[in-house]
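Below: one structure, written as structure tokens.
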Amino acid sequence: MKYEAVIGLEVHAQLLTESKVFCGSSAEFGGDPNSKTDPVVLGMPGVLPVLNTRAVEYIIRMGLATHCSIAPFSRFARKHYFYPDLPKGYQISQFELPFCSNGHVDVNTEARGQQRIGITRIHLEEDAGKSIHDTAIAGHDSLVDLNRSGVALIEIVSEPDIRSAEEAGQYLAKLKQLVTYLEICDGNMEEGSLRCDANISIRPVGDAEFGVKTEVKNMNSFRNVERAIAYEIERQTNIVESGGRIVQETLLWDANVNTVRSMRSKEEAHDYRYFPEPDIPPLNISEEWVDSIRAALPELPEAKQARFVQNYQLPEYNAEVLTATRSLADYFEKTAADCQDKKLASNWIMSDVLRVLNDTKTDISEFSISPEALAELLNLISDKTISAKIGKTVFEEMLESGGSPRKIVEAKGLMQISDAGALEKIIDEIIENSPSQVEQYRAGKEKIFTYFIGQVMKETRGKANPATVNEILREKLKGA
């Protein structure tokens, strides 16, 4: 490749506080337009903002989880710009003294292996409202909904350490995993509680100097983030190779036609006319408070993954999949607590359980089979009460009826047949009725063995113990 991409992400995460960051209005998503406002949200004269302490606690959680330095002294600033969905004409944000700085997260990619992505800063601010452009509403071209205005928002600004669309996707996925583990954000990109803007430039491979960057907005899913970044890298490369010049601008990603379109020329920071927020005093953060927040942090994904490998003897891949979300990890641990075979539990959750969740587009928290019931089913397989194949049948029945696996097995007579005498009679009859297949097997055609296995399973309706069947069959077919 003649060029390499240089990418930095600005990720916004809405915090799960009950009220907004500087007032008492509800921060809950949805509701009738403009039903969650008050004089502070509307920017009425004479009102004063009051800082939500829980929002500060949440940003410190995120800072600690991403190895940031937590500032002992911080303050807010006014960021001026004029949009219809910004009633005050400015946004209360942070500028030169953010709460968190100089952190990092590690990601794994196919192209470059493990990479450390630096985090420049994480700051706290209020969200803006939302402009709605719907020409279907009679008499209106654009409307404003201020329900989102004032919701606590953290902005996570990365270093320009990302080199591909894949790395950007991995980095964003890691941030979503962290905010949901910390229970400070639900990570829902479709509802806008997790949003991402990408700053993208290209440069000749080996150059240290950055190229002219563009900013791409309006990416509302992980897939669209990767597609938009890949598109913009290709667009810039084509411009440079054809002798053109990259223009610094803000672009909107249009997922319907897979392209970008220009929104505005790119502002620099000084265009926002930042100055210290006069209505909110600077905040001193004590070491004791930070230490208490650190002590209350949950076990984070990397630590949990390492523990799963060590305590449950799982392969690293299994541990990575099972710790993807905190709720999935909790489900596995509850299952493993009652299950004889921990590896079997991990395999079933990764295959059968996740298959159902993907097919039904549901979360593990909504899964109809409890961890205790799944462990009971897996123990029936482990102690050879039923075969793994019958276990699949019982699993499907549990999804339908929600019944106890043991009761399903007993009611339907699905117990595994392990009695050697009973199986010998069945096998003798199958061998007697299959002279040509016996002759082929004894002539060295090993693959025909599966035919006999299939006949036994058909005769026993899948209830025969596979290991016992295998042993008896081989002895019988030797001609002994």
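Among what's in region 309-332 and is part of a helix (DSSP H, G or I) and over 19 Å from the mean Cα position of the chain (by Cα), pick the residue that is surrounded by the fewest Cβ atoms within 10 Å (Cβ to Cβ).
Only one residue fits best here, namely Gln310.
Only one residue in Glu183, Glu190, Glu232 is among the acidic types (Asp, Glu), in contact (Cβ under 8 Å) with a residue 24 or more places away in the chain and farther than 30 Å from Ser25 by Cβ, so which one is that?
Of the residues listed, the single one that is among the acidic types (Asp, Glu), in contact (Cβ under 8 Å) with a residue 24 or more places away in the chain and farther than 30 Å from Ser25 by Cβ is Glu232.
Among what's in region 422-448 and is buried (at least 16 other Cβ atoms within 10 Å of the Cβ) and of a type in the set (A, V, I, L, M, F, W, C), pick the residue that is farthest from Thr385 (Cα to Cα).
Here the residue is Val438.
State yes or no: is Ser370 exposed (fewer than 13 other Cβ atoms within 10 Å of the Cβ), modelled with pLDDT of 95 or more, among the polar types (S, T, N, Q) and under 23 Å from the mean Cα position of the chain (by Cα)?
no
Leu377: without any contact (Cβ under 8 Å) to a residue 40 or more places away in the chain, touching an Asp or Glu at 6+ places or on another chain (Cβ under 9 Å) and crowded, with 20+ Cβ neighbours inside 10 Å, yes or no?
In short, no.
Given Ser101, Ser131, which one is modelled with pLDDT of 90 or more, of a type in the set (Ser, Thr, Tyr), surrounded by fewer than 22 Cβ atoms within 10 Å (Cβ to Cβ) and on the phi < 0 side of the Ramachandran plot?
Ser101
If you take the residues in region 236-260 that are touching a helix residue (DSSP H, G or I) at 6+ places or on another chain (Cβ under 6 Å) and assigned to a loop (DSSP other than H, G, I, E, B), which one is nearest to Asn199 (Cα to Cα)?
My answer is Ile246.
Can you tell me which condition Gly43 does not meet? The list is (1) surrounded by 14 or more Cβ atoms within 10 Å (Cβ to Cβ); (2) under 31 Å from the mean Cα position of the chain (by Cα), and all the others hold.
(2)
Given the criterion hydroxyl-bearing (Ser, Thr, Tyr) and farther than 27 Å from Glu302 by Cβ, identify the matching residue among Ser101, Ser69, Ser74.
After ruling out the rest, the residue left standing is Ser74.
Tell me whether region 389-402 contains one or more residues that are in a loop (DSSP other than H, G, I, E, B) and not assigned by TED's automatic domain parsing to the domain that holds Asn318.
So far as region 389-402 goes, yes, one or more of its residues are in a loop (DSSP other than H, G, I, E, B) and not assigned by TED's automatic domain parsing to the domain that holds Asn318.
Which residues, counting only those in region 230-243, are surrounded by 14 or more Cβ atoms within 10 Å (Cβ to Cβ) and under 21 Å from Leu172 (Cβ atoms)?
Residues satisfying the conditions are Ala230, Tyr231, Glu232, Ile233, Arg235, Gln236.
Rundown of residues vs (1) in the same structural domain as Asn108 (by TED's automatic domain parsing); (2) of a type in the set (Val, Ile, Thr); (3) touching a Phe, Trp or Tyr at 6+ places or on another chain (Cβ under 8 Å); (4) under 30 Å from Ala464 (Cβ atoms), yes/no style:
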| site | (1), (2), (3), (4) |
| --- | --- |
| Asn284 | yes, no, yes, no |
| Arg326 | no, no, yes, no |
| Glu333 | no, no, no, no |
| Lys342 | no, no, yes, yes |
| Leu354 | no, no, no, yes |
| Leu378 | no, no, yes, yes |
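Can you report the number of residues in region 190-210 which are touching a helix residue (DSSP H, G or I) at 6+ places or on another chain (Cβ under 8 Å) and surrounded by fewer than 18 Cβ atoms within 10 Å (Cβ to Cβ)?
Going through region 190-210 one residue at a time, the tally reaches 0.
Restricting attention to region 164-183, does a residue exist that is more than 19 Å from Ile119 (Cα to Cα) and either in the same structural domain as Lys130 (by TED's automatic domain parsing) or part of a helix (DSSP H, G or I) (or both)?
Yes; the residues of region 164-183 include at least one that is more than 19 Å from Ile119 (Cα to Cα) and either in the same structural domain as Lys130 (by TED's automatic domain parsing) or part of a helix (DSSP H, G or I) (or both).
Please enumerate the residues belonging to region 212-229 that are within 16 Å of Glu4 (Cα to Cα) and surrounded by fewer than 18 Cβ atoms within 10 Å (Cβ to Cβ).
Val212
Please find, among Glu410, Glu366, the residue that is of a type in the set (D, E, K, R) and assigned by TED's automatic domain parsing to the domain that holds Asn311.
Glu366
Here are the criteria: (1) touching a residue at least 40 places away in the same chain (Cβ under 8 Å); (2) closer than 30 Å to Pro405 by Cβ. Tell me which single one Val309 does not satisfy.
All conditions are met except number (1).
The values are calculated or read from the model by the stated rules, or taken from the named source; none is laboratory data. None of the values given here were measured: they were computed from a predicted structure. Please note: Cβ atoms are built from the backbone with ideal geometry, for glycine as well, and neighbour counts cover all protein chains shown.
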